[in-house]
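Written below as structure tokens is the structure these notes are about.
The values are calculated or read from the model by the stated rules, or taken from the named source; none is laboratory data. Since we're looking at a predicted model, the values are computed, not measured. Every residue, glycine as well, gets a Cβ built from its backbone with ideal geometry; the counts of neighbours run over all protein chains shown. Protein only, heavy atoms only, side chains kept; ligands, DNA and RNA dropped before computing areas. Shrake-Rupley method; radii C 1.70, N 1.55, O 1.52, S 1.80 Å.
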Amino acid sequence: MLLLAATVFAQTPPGRWPLVEHAAETLGSHQVRALAQDTHGFLWIGTTDGLFRYDGSRLEPIDMGGAFVSRRAERLAVTPDGGLWCVTPLEARRWLDGRWLPFPTHHQPPGIFRTLATDPTGRAWITTDAGLFQEQPGGGFQPVPGWPGKEAQALWIDERSGDVYVTAPGMLYRRRADGSWKTWGQEVGLPAERLLLLGRDADERLWVFGGYRLLTVSLRSGEVQELHDVVGNHRLDNIQPVPWGGVWIGTNKGLLEYDGRGPARAVPGGPPWVTAFLLDREGSLWTGGLGIQRLAGLGQWRTYTSREGLPNDVIFPIRRDPQGRLWVGTLDGVARATAQGWELVPGLPRMVFTAIVPDEQGHLWLGGTQLATLFRYTLATGELTRFALEGGKGNERVRHIAFDRAGTLWAVTSGGLFRSEGPERRLVHFPLPGRIVNPILVDLLVDSRERLWVAGGERARRSRGGPVEALLHGRRTPPGRGPLGDRAPARAAVRRLWCGARGGLLPV
């Protein structure tokens with residue numbers, strides 16, 4: 001993958017972002033129109049004069065040859081199998097395993113192409129001036145049933161629900177997975193002009209703009225709000241919603257930050273012109289305009305301590321809930337991030353918290369040094385429920401919590417393994433097989449094959465060191481060309497289990 005570790009830039013002036021230029025001299029004067037990161041970690045760059053792939057150090061032009069009439073790569077979309085869709089104004093083609101897949105002209109949708117996106121199943125959707133089209137299982141594209149208008153402009157697909165959002169002049173449409181439609185129009189405040197749609201922010205709002213007008217549409221209430229005097233005389237080119245709140249705005253005069261209050265602020269030291277964004281899997285923001293840039297680590301490092309409201313400077317778990325709010329466990333309680341800093345979560349004991357895990361029902365599950373007790377915190381109401389660990393010695397301290405795909409909660413403790421049972425979520429001791437009796441467990445995970453792995457004071461099978469301290473079920477890139485490697489094509493990732501022990505780091 002693109003290994004883009006955040007870097008501390010000691011010489012960066014206060015208030016400026018550390019900007020790292022990438023491949024500007026190779027791209028020349030070509031304007032960047034789209035950025036995407038595939039499942040292997042390669043960065044793909046669509047420009048006004050061709051398509052490029054970047055491995056972190058080397059920019060490789062991709063031969064568009066006879067596959068395309070136009071070389072203007074306006075839109076890019078990745079697929080789960082490691083492929084990539086490239087869209088020009090005149091055609092859409094798919095790249096897979098180092099080549100362009102055959103795609104006869106009569107399988108292309110009609111009209112001038114606008115935007116392409118893939119849904120959670122990997123199926124492609126495309127907008128043109130002739131309508132909205134969907135990739136078919138047998139190949140090619142067909143009109144989407146129920147599309148109410150002719151022209152379709154922008155397209156965004158919710159990766160969680162699969163809902164499809166499409167704009168047309170003066171209109172916004174949502175198509176749910178069951179085929180039902182919802183429409184917003186001029187009666188709720190949308191302007192009668194072409195609209196670009198740029199995704200959802202942490203506050204469940206869709207961001208829409210046309211020309212110099214910036215609007216939001218609440219997915220909860222349906223309210224449309226126009227944001228006045230946000231960008232001044234800057235021309236909007238693109239927007240990147242920030243997962244934890246606010247947006248970055250790309251304009252013809254540089255990069256802006258906007259948190260919902262007052263005018264947007266220019267990012268000191270940012271790129272002078274931004275037409276494309278990518279927030280990669282490592283959390284770095286990439287921008288494209290003339291060349292590509294990385295805002296390393298999303299800015300300089302900032303340290304949060306008890307001066308900003310944390311109950312203690314020693315931090316254990318750090319988690320975000322489904323609404324994007326940040327929670328941390330410390331030596332002296334749990335804190336949550338606010339717009340003003342940090343605040344202690346009321347009602348929780350002032351103890352060491354070593355585990356925080358959200359569930360899909362709107363709760364946080366927390367554990368730590370409170371003997372034989374697990375806590376459930378309801379996010380909507382602040383209600384706190386205590387769960388006793390049944391069947392143990394009564395002095396267990398919770399080290400880690402995880403859910404399997406069926407929703408069963410598992411907890412490892414200083415006294416063994418516990419599992420939730422029944423609708424009331426009773427936490428019952430779960431005996432380990434063989435001669436392992438009440439081990440001191442420190443970590444657990446559920447892998448992609450729904451197997452439960454535990455690590456602790458008993459020596460893990462196949463490990464050569466002492467007690468296992470941590471587990472990570474990840475991916476290993478086989479020898480060959482990796483995105484930051486030695487220039488050979490990356491192969492399909494192989495899943496591995498990694499164990500951290502006192503004797504070192506061990507692959508299982």
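The figures follow:
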| item | result |
| --- | --- |
| From Arg426, Arg464, Arg459, residue being in contact with a strand residue (DSSP E or B) (Cβ under 8 Å, 6 or more places away or on another chain), modelled with pLDDT of 90 or more and open to solvent by 40 Å² or more (accessible area, probe 1.4 Å) | Arg426 |
| Subset of segment 342-362 [outside any strand (DSSP E or B) and among the small types (Gly, Ala, Ser)] | Gly347, Gly362 |
| Segment 303-329 residues that are on the phi > 0 side of the Ramachandran plot, paired with ones that are of a type outside the set (A, V, I, L, M, F, W, C) and assigned to a loop (DSSP other than H, G, I, E, B) (beta carbon under 7 Å, 6 or more apart) | Gly324/Pro243; Gly324/Gly245 |
| Residue match in segment 338-348 (condition: over 30 Å from Asp259 (Cα atoms), touching a residue at least 40 places away in the same chain (Cβ under 8 Å) and surrounded by 19 or more Cβ atoms within 10 Å (Cβ to Cβ)) | no |
| Residue in segment 3-20 that is surrounded by 13 or more Cβ atoms within 10 Å (Cβ to Cβ), touching a strand residue (DSSP E or B) at 6+ places or on another chain (Cβ under 8 Å), assigned to a loop (DSSP other than H, G, I, E, B) and at pLDDT 55 or above present | no |
| Odd one out for Trp365, checked against (1) assigned to a strand (DSSP E or B); (2) surrounded by fewer than 19 Cβ atoms within 10 Å (Cβ to Cβ) | (2) |
| Residue that is surrounded by the most Cβ atoms within 10 Å (Cβ to Cβ), among those in segment 231-251 that are farther than 20 Å from Asp280 by Cα and among the polar types (S, T, N, Q) | Thr251 |
| Count - residues of segment 158-179 that are farther than 19 Å from Gly189 by Cβ, assigned to a strand (DSSP E or B) and open to solvent by 20 Å² or more (accessible area, probe 1.4 Å) | 1 |
| Of all residues in segment 265-279 being out of contact with any Pro (no Cβ under 9 Å at 6 or more places or on another chain), of a type outside the set (A, V, I, L, M, F, W, C) and over 16 Å from Gly46 (Cα atoms), the one that is least open to solvent (accessible area, probe 1.4 Å) | Pro271 |
| Residue count, segment 239-260 (criterion: assigned to a loop (DSSP other than H, G, I, E, B) and of a type outside the set (A, V, I, L, M, F, W, C)) | 7 |
| Segment 196-220 residues that are closer than 14 Å to Leu172 by Cα and modelled with pLDDT under 80, paired with ones that are open to solvent by 20 Å² or more (accessible area, probe 1.4 Å) and among the polar types (S, T, N, Q) (beta carbon under 7 Å, 6 or more apart) | Leu198/Asn238 |
| Matching residues in segment 370-403 - criterion: being open to solvent by less than 30 Å² (accessible area, probe 1.4 Å) and part of a strand (DSSP E or B) | Thr373, Leu374, Phe375, Tyr377, Thr378, Phe387, Leu389, Val398, Ile401, Ala402 |
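Yes or no, residue by residue, for (1) small (Gly, Ala, Ser); (2) modelled with pLDDT of 90 or more; (3) buried (at least 22 other Cβ atoms within 10 Å of the Cβ):
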residue	(1), (2), (3)
Arg75	no, yes, yes
Val87	no, yes, yes
Arg94	no, yes, no
Leu101	no, no, no
Trp125	no, yes, yes
Asp129	no, yes, no
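This table checks each residue for (1) within 19 Å of the chain's Cα centre (by Cα); (2) modelled with pLDDT under 80; (3) surrounded by fewer than 19 Cβ atoms within 10 Å (Cβ to Cβ).
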{"site": "Gln300", "(1), (2), (3)": "no, yes, yes"}
{"site": "Thr305", "(1), (2), (3)": "no, yes, yes"}
{"site": "Glu308", "(1), (2), (3)": "no, yes, yes"}
{"site": "Phe316", "(1), (2), (3)": "no, no, yes"}
{"site": "Arg320", "(1), (2), (3)": "yes, no, yes"}
{"site": "Gln323", "(1), (2), (3)": "yes, yes, yes"}
{"site": "Val328", "(1), (2), (3)": "no, no, no"}
{"site": "Leu331", "(1), (2), (3)": "no, no, yes"}
{"site": "Val334", "(1), (2), (3)": "no, no, no"}
